[in-house]
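Accompanying notes for the structure given below.
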Amino acid sequence: MTVSLLVSNQSTELKSSRFARRSLLPLRHDALWQIKSGMVRTLTVLADGNYSTLGIWGVGDVVGRVFCSAQTYQMECLTPVEVNLIPRSRWHELNEAMISHIQRSGELMEILHCRNAEAAVLQLFAWLANRFGQHVLQGKLIDLRLTHQEIAELVGLTRVTVTRILSDLEKQGSIQRQERQFIVMSDRLPFWHYEI
């Protein structure tokens, strides 16, 4: 499913804002943010102080406080981001983007509930490659610069476990690492594939 950006048909223009990498989008109960460029991670802080990533969102996706009731909800820019502020009065124009948000959340829930740690990481990388990957000679480049800790927060594992799994996957030839970028070797991915 491809989500298009909301184009203003009304006389009121949408307010566009830019945010730097690692900054937080303001939490608003009366508006949503629609991403024009860049990537945003939604997350919450658990009772034990650990982070839990709720989603990774890109161009056309909508994020906002209304999607999560957790008091510790945050929307962090993984890259420089440009977003449109969509007021509540215009939410009816975002049905496609909201359905996509629900579907993406479900896809991540399926990955999160994978009982095998290596399979969960592989499924996550297949999802990221399918969703955000750029075709390169070796496969698909995931240019999100995710840390091992952020990957662990996405799949509910420890950083140490993720580091070990990434090393194993690199030895197997399933992925290549270049600093914090990853190339998913498309011809060596397991059977798992998610496409909508």
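Any read-out appearing in this document is the output of simple, stated calculations on the displayed coordinates, not a laboratory observation. Small disclaimer: the values here were computed from a predicted structure and weren't measured. FYI the Cβ positions are ideal-geometry reconstructions off the backbone, even for glycines, and counts take in every protein chain you see.
For K171, the lysines whose Cα comes closer than 24 Å to its Cα, not counting residues fewer than 8 places off in the same chain, are K140. Assuming charge only on the beta carbon of Lys and Arg (+1) and of Asp and Glu (-1), the dipole of the chain about its Cα centre is about 380 debye to the nearest 20. Taking a straight Cα-Cα cut-off under 21 Å and skipping sequence neighbours fewer than 8 places away in the same chain, the lysines within cross-link reach of K15 are K36.
3J(HN,Hα) along region 52-68, derived from phi through the Karplus expression 6.51 cos²θ - 1.76 cosθ + 1.60 where θ = phi - 60°, amounts to 10, 7, 9, x, 10, 10, x, 3, x, 6, 10, 9, x, 4, 5, 7, 8 Hz, with x in place of Gly and Pro.
Summarised as an ellipsoid, the chain has semi-axes of 30, 18, 15 Å, derived from the eigenvalues of the Cα gyration tensor scaled by 5 and square-rooted, with the largest first.
With contributions of -39500 (n - 2.57) from each DSSP H run of at least four residues, the per-residue ellipticity at 222 nm computed over the chain stands at -9000 deg cm²/dmol. Working from Cα pairs under 8 Å separated by at least six residues, relative contact order for the chain is 20 percent.
Considering only Cα atoms, the convex hull volume of region 115-195 works out to 89 Å³ per residue. Proximity of backbone amide H atoms, modeled 1.01 Å from N, is registered between L54 and T42, L43, T44 at under 5 Å, excluding neighbours fewer than 5 places apart on the same chain. Taking amide hydrogens as placed 1.01 Å from N in the peptide plane, the amide H of L144 sits under 5 Å from those of F182, each at least 5 positions away in sequence or on another chain.
For region 29-36, the Karplus equation 6.51 cos²θ - 1.76 cosθ + 1.60, evaluated at θ = phi - 60°, returns couplings of 8, 9, 7, 10, 10, 9, 7, 8 Hz by residue, with Gly and Pro reported as x.
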